[in-house]
Amino acid sequence: MSLARRTALPLAIALALSLGACQPAPAPAEGEAATPAAAAETIARPAKQYAIEDFVASTGVAGASFNADESRILFSSNRRGVWNAYSMPVAGGEWTDVTRSDTDNSYAVSYFPADDRVLVTRDQGGNELNHLYVIEADGSERDLTPGEDLKADFLGFTADGSAFHVISNERDPRYFDVYRYDSASYERTRVYENTTGLEPAIVSVDGKWLALSQSNTTNDSDLFVVELATGQSTKVSEHEGQAAFSAQDFSPDGQWLYYTANDQGEFAQLRRVNLATWAHEPVQSADWDIVAAYFSKNGKYLAVATNVDGSTRVKLHDAATGAEQPLPALPAGEIRGLRIADSETKMAFYLNGDRQPNDLYVLEFGGEPRQLTTSLNPAIDPADLVDSTVVRFKSFDGMEIPNILWKPHQATPDAPAPALVWVHGGPGGQTTRAHSAVIQYLANHGYVVLGINNRGSSGYGKTFFAADDGKHGREPLWDTVEAKKYLQSLDYVDDEKIGIIGGSYGGYMVLSALAFQPGEFKVGVNIFGVSNWIRTLESIPPYWESFREALYQEVGNPETQREFLMETSPLFHADKINVPLMVLQGANDPRVIKPESDDIVAAVEKNGVPVEYVVFDDEGHGFSKKKNQIEGYGRILAFLDKHLRNGAATPPPAP
C-alpha cells in the first residue's frame, strides 16, 4: 500500500470495485436516422453554474447487504451531512435510520445472516482507529472491539452464520490477529496470532483456512494460506522477479483459494490453488488487471471485475461452466459494488457515471433492475455536467502517459479556459472515470481538469507501476510538466493559466512541482500532501509495520537515505515556491500529520506569496462531512478564481 492505504481490508463477502466509467451513447446503426437533438441541446451549456452547496447536496450512498429474508437492504449514506447506516425495503420505499450520528461517520458492514441485527464500523473524527459495533434488534449498540488505540475490521461470517471473524491489533499495535466471534453470545477466541507481520485477508466460510499476504516491496508480494486448526502455513506464491499476489476468495466448498497474480505478464490474472494438493490452475486473464473476484454464497456465481483503462468492467459467470451471465442494459455508467443475495436469486449493485453519483439498484435474476435511490441533487440538470474522456500524451522520455480529461462546456478556441493538472494519491493510485462532485464543480465553473496517471500509477501494467520507484520528486513530477504542455496544445485551454492540484501523494506532487519546477505552474492546491518525507515515514501508524520496509524501498529509508529524502522533500526547498499556494488539512490525519501542512505554510509565507490554509478539526485523511466539503471545495474555487482565472501577476522568485 502507501499513503493511499485502505482504511479497511476487503470483506470476503463484498466485491470492492474501483470507480466506474461513463460510456458515450452508441452511434445510430447504418441506415438509421440520428435522433433529433433535444431542445435542451440547443442551449449553450452549461445553462447554469451551480454553487458548491448544490453539488454537495447530492446524496452519497455505498455498500449493500440483504437481511435474512431478503426483504430489506442495508447501506450507508451521508444524507444527514455525515455518513450513517440505513435500511430500506428491497421493493423500494422509505429509509430507516440504523445509526443517527451527527459527528462521527458510521458505515454499514452487514446484516447478521439469521436476523436483523446489524454490524457497523466507526472511527473517531477521521483517525482511522475503527471499531466494530453491533446494533441489536432493539436499536441498542455494543462495541465488539472495545479498547483504546486499536483498529479492527470485519472478515466475514461462516457459512451457517453461527460465527464471524474479526481482525484487531489490540495485542500488538503493529500486527493484526484474527478472532472468531460467536454470533449469539459474542464470545470470542483468537484463532491466529500474528507474530510475523503478515496481513490477514480472507477466512474461508467453513472457518478452516486463512489467506494472508506479505508485502516485500510495493511491486512484489507473497501469498500464504494457514490451516487454522493446526497453524500450518503454506506459501502459494513461488515466483521469480517482481510480482504481486492478492487473495480474492475461497470457493464455498472449501477446496480452492482464488487469487490474482501478475507473475506471468504485465497484468494480473485470476488463478486458483487447490487446498489439498497445492496445484495451481488458470481461471481468467485479460489485457488489463483483474482486480477483484468473489463467489455467491453457495458458489453458483463468480463475479469478476477488471480495470480497463480507468474504468471497471464487471462480469458475472456461472461458476460451474464459466459461462457469462448477461447483466441488464443500463443507463450510461458502470456497475460497481456488486453484492449477490444468499438465495442467489437477486443482486444489489451501484450504477455510477460522470454525470451521476452512485445509485443503488436491485435486480431479480431474469427480471428488470429496480432503482432504489436517486442521488443527484434534482436542482442540477445532468446536461450541465460533462463526460470525461481518456487521453494520452508522450512524456519527456517517450513513455506514454494515460489521463482522464474533463472539458467544460464553455471552453472553446474563442474563449480558452484555465486548466488544472489533477494528481491522484498513492504513490500507486489511479485517476479513474466516475462521478466526482469537486471535479464537476470546477468544470461547471469553466476549469479544464486533466487527471494525470503519471508513471507509477496502477492499472497500466507492472512495468509502468514500478517506473517511479526511488524517483519521487523527479521523473513522475516531470510527467506533470509534460501534462501542462499537453494542456497547452489544446486550443480551448488558456496556456498562460495552468495550475496543479492534488491530495495526499498528489499533494506532495503539487508541492514538488512548485519547489522543484518553479515557474511551470501558476498556482498550487495541496490537499493534505507530504512536505517532509523524513517525518512522514517516521510517523506512519504502527499498524503499517508490515508495509514499512516496502514503503522505504519505494520512497526512501529515513535511517539510511536521509540526504536523499531531504533532496526530495519540498519543505527543505520551500524558498523556491513563488506562486500562490492553498493548503487543506484534516487535524486528525494519521497518514499525513498536520505538522506537514503547518510547516510548509509557514515556510512559504516567508516568501511573500499568497498562502491560504484551511484546517478541519473533525476530519482525517479526506473530507467526508458535507459542511467541510462545502467550505473546502468552495474555497478552492474562490482561490483559483482569484489567483489563476483572473491572472494575478506572479511575484518574482524569493531571494
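Determine which member of the set 359, 414, 397, 387 is within 19 Å of residue 436 (Cβ to Cβ) and surrounded by fewer than 20 Cβ atoms within 10 Å (Cβ to Cβ).
Among 359, 414, 397, 387, only 387 is within 19 Å of residue 436 (Cβ to Cβ) and surrounded by fewer than 20 Cβ atoms within 10 Å (Cβ to Cβ).
Taking the condition within 18 Å of residue 528 (Cβ to Cβ) and either small (Gly, Ala, Ser) or open to solvent by 10 Å² or more (accessible area, probe 1.4 Å) (or both), does residue 576 pass?
No; evaluated as a whole, the condition is false for this residue.
Rundown of residues vs (1) among the hydroxyl-bearing types (Ser, Thr, Tyr); (2) at pLDDT 95 or above; (3) more than 30 Å from residue 77 (Cβ to Cβ); (4) in a strand (DSSP E or B), yes/no style:
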| site | (1), (2), (3), (4) |
| --- | --- |
| 592 | no, yes, no, no |
| 595 | no, yes, yes, no |
| 598 | no, yes, yes, no |
| 603 | no, yes, yes, no |
| 615 | no, yes, no, yes |
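Is it the case that residue 205 is buried (at least 18 other Cβ atoms within 10 Å of the Cβ) and not in a strand (DSSP E or B)?
Yes, satisfied.
Please go through (1) acidic (Asp, Glu); (2) at pLDDT below 95; (3) surrounded by fewer than 18 Cβ atoms within 10 Å (Cβ to Cβ) for residue 554 and return the number of the only condition it doesn't satisfy.
Just one mismatch for residue 554, condition (3).
Counting only residues that are surrounded by fewer than 19 Cβ atoms within 10 Å (Cβ to Cβ) and either polar (S, T, N, Q) or in contact with a helix residue (DSSP H, G or I) (Cβ under 6 Å, 6 or more places away or on another chain) (or both), which one in the range 159-182 is nearest to residue 203 (Cα to Cα)?
Result: 162.
Is it the case, given these coordinates, that residue 241 is open to solvent by less than 30 Å² (accessible area, probe 1.4 Å) and either touching a Leu at 6+ places or on another chain (Cβ under 7 Å) or not polar (S, T, N, Q) (or both)?
no
Taking the condition among the small types (Gly, Ala, Ser), under 30 Å from residue 104 (Cβ atoms) and modelled with pLDDT of 95 or more, does residue 632 pass?
Yes: the conditions hold for residue 632.
Looking at the range 52-66, is at least one residue surrounded by 20 or more Cβ atoms within 10 Å (Cβ to Cβ), aliphatic (A, V, I, L, M), outside any loop (DSSP other than H, G, I, E, B) and touching a helix residue (DSSP H, G or I) at 6+ places or on another chain (Cβ under 7 Å)?
yes
I'd like to check which strands (runs of 3 or more DSSP E) are fully inside the range 70-158 and have at least 2 residues that are touching a strand residue (DSSP E or B) at 6+ places or on another chain (Cβ under 9 Å) and modelled with pLDDT under 95.
none
Among the residues of the range 159-178, write down those that are in a loop (DSSP other than H, G, I, E, B) and of a type in the set (D, E, K, R).
Selection gives 160, 174.
Based on this model, can you work out whether residue 514 counts as open to solvent by 10 Å² or more (accessible area, probe 1.4 Å) and modelled with pLDDT of 95 or more?
Judged against the criteria, residue 514 is not a match.
The values are calculated or read from the model by the stated rules, or taken from the named source; none is laboratory data. Since we're looking at a predicted model, the values are computed, not measured. Note that we place each Cβ from the backbone using ideal geometry, even for glycine, and neighbour counts take in every protein chain shown. In case anyone asks, the SASA skips ligands and DNA or RNA and just uses the protein heavy atoms, side chains included. Shrake-Rupley method; radii C 1.70, N 1.55, O 1.52, S 1.80 Å.
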